[in-house]
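One structure is given below, encoded as structure tokens.
The values are calculated or read from the model by the stated rules, or taken from the named source; none is laboratory data. As the structure is a prediction and not an experimental result, all values here were calculated from the model. Cβ sites come from the backbone with ideal geometry, for glycine too, and all protein chains shown count toward neighbours. Ligands, DNA and RNA are stripped out before the accessible areas are found, and what is left, the full protein with its side chains, is counted by its heavy atoms. Shrake-Rupley method; radii C 1.70, N 1.55, O 1.52, S 1.80 Å.
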Amino acid sequence: MIVHVFDSAKSASQAAAAMFAAAILKKPDAVLGLATGSTPIETYRQLVKWHKEGMLDFSRSTSFNLDEYVGLGADHPCGYRYFMQENLFDHINMRETFVPNGLAPNLKAEAKRYDRMIEKAGGIDIQFLGLGNNGHIGFNEPSDRFHYGTQVVELTRSTIEANRRFFESEDQVPRQAISLGTGGIMNARQIVLAAFGKGKAQAVKKMIKGDVDPQVQASILKLHPNAVILLDQEAASLL
Ligand code: GLP
């Protein structure tokens, strides 16, 4: 695990964008693993900028998003498909983009289908991750074990509270999501995790300094051969 601490979240975000740009330049048909939340927004802005300036071509790349809320369709403004269209996909030329279908009538089958599609695409070359306040990655909540494949997860109170800011009221936050498993995340050939702000400092400390522990799902990234952690000063303040 390589840890970089930057003066600002903006510089860290640009560094993340640089890693994605390098991956695409080296392998134009790269399979990108993408994330939502506030953390990747500036990285996506930079990728869009480079695309518009003619530096980055996504026309041979494919992307798979980490997760989606159960019950929210592609046109729901709080859903992750909508977020991705707004912040990235509508502004670039990605060949194909995949987000789990939170409206699938059979969610277990959808989870299996998603894993099969990633496999068929050749696996994820570079995976972007944010970090939950409770150390989750994707929507893999603290647990007594690490989950392997894509699955339906029950969101914890702390995640519902943390994500409440995107919804009109707390009871509108879905209680379930469909998420790539921590094992699926670990299969990515390269991982880029970014975390910004004081609210993430405790989770960052546990991820980097603590034991590998499923109560802090991100702590397993210590075992990944190619994981880069990009932090701002506040997120790194307890290290
Ligand atoms: C959600 C997402 C995660 C994300 C986390 C942090 O729970 N499922 O993938 O990393 O939020 O969000 P933020 O970047 O807004 O802090």
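Helix by helix through the chain, keep the DSSP H runs that span 18 Å or more along the axis on Cα and average at least 0.0 on Kyte-Doolittle, and give those back in order.
Span-like helices in the chain: 9-26.
Compare MET117, MET19, MET84 in a GNM of the chain, Cα atoms joined below 10 Å, and give the one with the largest fluctuation.
Maximum among the listed residues: MET117.
What does the accessible area per residue of the range 1-60 come to in Å², with a 1.4 Å probe and no ligands, DNA or RNA counted?
46
Have a look at GLU141, GLU168, GLU86 and tell me which one the Gaussian network model of the chain (Cα, springs below 10 Å) gives the largest fluctuation.
GLU168
Projected onto the charge dipole of the range 2-232 (+1 at Lys/Arg Cβ, -1 at Asp/Glu Cβ, origin at the Cα centre), which of ALA218, VAL152, ALA22 gives the Cα projection farthest towards the positive end?
Highest projection toward the positive end goes to ALA22.
Can you tell me the dipole magnitude for the chain around its Cα centre, using point charges on the Cβ only (Lys, Arg +1; Asp, Glu -1), in Debye to the nearest 20?
480
Quote the charge dipole size of the range 172-239 about the Cα centre in Debye, to the nearest 20; the model charges only the Cβ of Lys and Arg (+1) and of Asp and Glu (-1).
60
Under 8 Å for C-alpha pairs, at least 6 residues apart: give me the relative contact order for the chain, rounded to a whole percent.
Relative contact order of the chain: 26 percent.
If eta is 1.002 mPa s and T is 20 °C, what Stokes-Einstein diffusion coefficient results for the chain, Kirkwood Rh from Cα pairs, in µm²/s?
121
Using only alpha carbon positions, build the gyration tensor of the range 59-155, then give the equivalent ellipsoid semi-axes as the square roots of 5 times its eigenvalues, largest first, whole angstrom.
21, 16, 15
Taking only Cα atoms and a 10 Å spring cutoff, compute GNM fluctuations for the chain and point out the largest among ARG145, ARG157, ARG60.
Top of the fluctuation ranking is ARG157.
Determine the distance separating the Cα centre of the range 158-177 from the Cα centre of the range 1-75; give it in Å without decimals.
24
Count neighbours as other Cβ atoms within 10 Å of each site's Cβ, and list the chymotrypsin sites (Phe, Trp or Tyr not before Pro) in the range 163-211 that are DSSP loop with at most 11 such neighbours.
none
In the range 2-232, what percent of the accessible surface is made up of carbon and sulfur (1.4 Å probe, ligands and nucleic acids excluded)?
Carbon with sulfur: 51 percent of the solvent-accessible area.
State the answer as a single residue: which of MET55, SER13, TYR69 lies farthest towards the positive end of the charge dipole of the range 1-142, with beta carbon charges of +1 for Lys and Arg and -1 for Asp and Glu, about the Cα centre.
Going by the Cα projections, it comes out as MET55.
Let me know the whole percent of all Cα-Cα pairs from the range 55-116 that are separated by more than 19 Å.
Of all Cα-Cα distances in the range 55-116, 34 percent exceed 19 Å.
With point charges of +1 on the Cβ of Lys and Arg and -1 on the Cβ of Asp and Glu, referenced to the Cα centre of the chain, which listed residue (HIS91, ALA227, TYR44) lies farthest in the positive direction of the dipole?
ALA227
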